[in-house]
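Engineer: Questions regarding the structure given below will be posed in turn.
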Amino acid sequence: MAEYDAIIIGSGPGGYVCAIRCAQLGLKTACVEGRATLGGTCLNVGCIPSKALLHATHQLHEAETNFPKMGLIGDAPRVDWNRMLAYKDEVIAQNTKGIEFLFKKNKVDWLKGWASIPEPGQVAVGKETHKAKHIVIASGSEPAGLPGIEVDGERIVTSTGALHLPKIPKRLAVIGGGVIGLEMGSVYARLGAQVTVIEFLDEITPGMDAEVAKSFRRILGRQGLRFMLGTAVQSVETLKTKLKVHYQTRKDGSEGQIDADVVLVATGRKPFTEGLGLDALGVRLTDRGQIETDARWQTSVPGIHAIGDAIAGPMLAHKAEDEGMAVAELLAGQAGHVNYGVIPSVIYTHPEVAALGETEETLKAAGRGFKTGKFSFMGNGRAKANFAADGFVKLLADADTDRILGAHIIGPMAGDLIHEIAVAMEFGAAAEDLARTCHAHPTYSEAVREAALACGDGAIHA
Ligand code: NAI
């Protein structure tokens with residue numbers, strides 16, 4: 001029986017980061033992973049492969065639409081779907097092998113197999129049981145699915161199947177206008193599919209700043225995505241040559257159906273804790289099936305911690321990573337901390353959408369006085385040169401103190417631009433601090449500064 005200071009269950013961004021940090025802080029560490037490769041959902045069937053397909057299809061879109069405008073004349077590229085999938089798989093392999101290298105470098109043992117916890121202080125993997133002073137569950141999440149709709153992985157798929165469809169569908173119906181639906185919907189729309197997004201609520205991307213969500217939907221609409229809002233999918237009928245998606249509108253209860261070749265079910269994810277033995281251990285779950293944790297990520301059973309998608313909070317790789325590092329620091333006797341108020345979320349469509357902190361809606365609901373600084377990418381020279389002027393930066397700052405409370409960007413590189421605001425918020429900065437910081441010209445980031453200026457005496461280029 002091997003003895004470890006820490007055994008981490010799961011090697012996704014939460015688990016592998018936690019394991020590496022534990023080892024760096026001097027703990028004898030192992031990480032259990034049952035998949036053939038490390039990296040969890042994110043690297044194998046999530047964040048990374050979807051970004052490869054988004055990148056490839058965005059290049060195609062550029063070649064088809066913007067190349068001729070720049071005098072780049074020639075036939076638009078032809079899509080070799082299998083080659084594109086092979087490129088995506090190569091990107092996955094590079095990343096998963098990278099984690100294997102990092103484990104070796106940091107002396108983290110990879111225990112291959114699926115873990116269970118027979119009793120506190122022990123982790124069973126296959127026929128072996130290992131002792132651990134500390135156990136960290138980072139077992140992630142799985143697609144929540146929809147009752148009555150059976151995923152077959154070929155014609156009715158979740159995000160996993162959508163990453164390797166046998167061929168590009170003519171008609172793709174996406175159930176759920178959230179992050180996965182819109183990212184994968186964009187991929188297939190750019191590949192020529194007729195994409196219909198069916199969303200239960202009256203707007204896509206619930207929780208997002210309403211003005212940004214509306215603008216986002218319009219931009220995607222111009223790219224050819226069709227939206228059916230306030231519509232609940234009831235069932236999917238599988239016929240030999242097509243699928244029939246049956247729906248009911250929420251407004252008047254009227255029913256209808258649309259035909260599709262492939263249906264993507266993207267209605268959220270749920271914690272994956274199967275087989276760990278949590279019930280027998282008495283590890284308490286919330287009513288949503290998440291592992292209950294305290295402020296130090298300790299579960300109801302001493303010695304067992306949990307992080308990432310398996311616990312409460314946004315299901316984001318970087319949130320899990322931060323929790324992984326914080327737990328490792330706590331286990332090593334240091335002070336681990338996560339600032340949940342400053343966790344960016346990004347949708348990697350084109351344009352990208354990034355959000356941070358409060359929205360107008362949450363501030364109004366809290367009765368907080370705030371001011372808004374907005375700047376359109378139409379006023380940004382670099383964005384205009386790059387055919388990327390769709391969108392805007394919106395900064396929300398406290399009405400009295402000018403402290404930045406939230407930021408919402410729809411536009412080019414929004415997912416990168418958001419981070420200067422994240423750093424500013426971590427330092428408790430005022431909008432004026434951003435406005436007085438010199439920003440290089442010509443860059444997209446000037447739009448962030450202009451939005452900060454708009455919180456004060458006004459933007460220059462608006
Ligand atoms: P989501 O929670 O983002 O969106 C699901 C959508 O489905 C919601 O808008 C919901 O109203 C709708 N819906 C639910 N039931 C429905 C029904 N019967 N008919 C029509 N619409 C229905 O979930 P999604 O997109 O599946 O993503 C899962 C998780 O993965 C999310 O937490 C997301 O943050 C994360 N993720 C993050 C990414 C990123 O950060 N770029 C990329 C992909 C996933």
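Engineer: Whether any residue in the stretch 37-46 is away from the ligand (no atom under 15 Å from the Cβ), of a type outside the set (Val, Ile, Thr), open to solvent by 10 Å² or more (accessible area, probe 1.4 Å) and not assigned by TED's automatic domain parsing to the domain that holds Ile347 is what I want to check.
Structural biologist: No; the residues of the stretch 37-46 include none that is away from the ligand (no atom under 15 Å from the Cβ), of a type outside the set (Val, Ile, Thr), open to solvent by 10 Å² or more (accessible area, probe 1.4 Å) and not assigned by TED's automatic domain parsing to the domain that holds Ile347.
Engineer: Might you check whether a residue that is in a loop (DSSP other than H, G, I, E, B), among the small types (Gly, Ala, Ser) and closer than 30 Å to Gly415 by Cβ occurs anywhere in the stretch 152-173?
Structural biologist: yes
Engineer: List the residue pairs whose Cβ atoms are under 6 Å apart, where the first residue sits in the stretch 76-98 and is open to solvent by less than 40 Å² (accessible area, probe 1.4 Å), the second is not in a helix (DSSP H, G or I), and the two are 6 or more positions apart or on different chains.
Structural biologist: Close Cβ pairs (under 6 Å, with a partner that is not in a helix (DSSP H, G or I)) amount to Trp81/Ile168; Leu85/His164; Thr96/Thr37; Thr96/Leu38; Thr96/Gly39.
Engineer: Looking at the stretch 197-223 only, could you name the residues that are surrounded by fewer than 22 Cβ atoms within 10 Å (Cβ to Cβ) and either not assigned by TED's automatic domain parsing to the domain that holds Val236 or not in a helix (DSSP H, G or I) (or both)?
Structural biologist: Answer for the stretch 197-223, where residues must be surrounded by fewer than 22 Cβ atoms within 10 Å (Cβ to Cβ) and either not assigned by TED's automatic domain parsing to the domain that holds Val236 or not in a helix (DSSP H, G or I) (or both): Phe200, Leu201, Asp202, Glu203, Pro206, Gly207, Gln223.
Engineer: Still on this structure, I have one more. Please work out which residue is nearest to Ala422 (Cα to Cα), limiting yourself to the stretch 301-348 and to residues that are more than 16 Å from the ligand (Cβ to nearest atom) and among the polar types (S, T, N, Q). Lay out the reasoning, then the answer.
Structural biologist: Pass one, the stretch 301-348, residues more than 16 Å from the ligand (Cβ to nearest atom): 301-306, 324-339, 341.
Remaining after also requiring among the polar types (S, T, N, Q): 334, 339.
Numbers: Gln334: 24, Asn339: 11 Å.
Among those that are more than 16 Å from the ligand (Cβ to nearest atom) and among the polar types (S, T, N, Q), it is Asn339.
Engineer: Take the conditions open to solvent by 50 Å² or more (accessible area, probe 1.4 Å) and either among the small types (Gly, Ala, Ser) or closer than 22 Å to Met70 by Cα (or both) and apply them to Gly367. Does it pass? Full working, then the answer.
Structural biologist: Details: open to solvent by 50 Å² or more (accessible area, probe 1.4 Å): yes; either among the small types (Gly, Ala, Ser) or closer than 22 Å to Met70 by Cα (or both): yes.
In short, yes.
Engineer: Taking only pairs six or more apart or across chains, which ones have beta-carbon atoms under 9 Å, a first residue in the stretch 177-201 that is among the acidic types (Asp, Glu), and a second residue that is more than 6 Å from the ligand (Cβ to nearest atom) and assigned to a helix (DSSP H, G or I)?
Structural biologist: Close Cβ pairs (under 9 Å, with a partner that is more than 6 Å from the ligand (Cβ to nearest atom) and assigned to a helix (DSSP H, G or I)) amount to Glu183/Ser50; Glu183/Lys51; Glu183/Leu53; Glu183/Leu54; Glu183/Ser159.
Engineer: Considering the stretch 176-200 alone, what residues qualify as being within 9 Å of the ligand (Cβ to nearest atom), closer than 16 Å to Ile347 by Cβ and over 15 Å from the mean Cα position of the chain (by Cα)?
Structural biologist: Val197, Glu199
Engineer: If the requirement is being surrounded by 21 or more Cβ atoms within 10 Å (Cβ to Cβ) and not assigned by TED's automatic domain parsing to the domain that holds Gly324, which of these qualifies: Val262, Val283?
Structural biologist: Result: Val262 is the single residue among Val262, Val283 that is surrounded by 21 or more Cβ atoms within 10 Å (Cβ to Cβ) and not assigned by TED's automatic domain parsing to the domain that holds Gly324.
The values are calculated or read from the model by the stated rules, or taken from the named source; none is laboratory data. The structure displayed is predicted, hence computed values, not measured ones. All Cβ positions, glycine included, derive from the backbone under ideal geometry; neighbour counts span all protein chains shown. Each accessible area value is taken on the protein alone, full model and side chains, heavy atoms only, with ligands, DNA and RNA left out. Shrake-Rupley method; radii C 1.70, N 1.55, O 1.52, S 1.80 Å.
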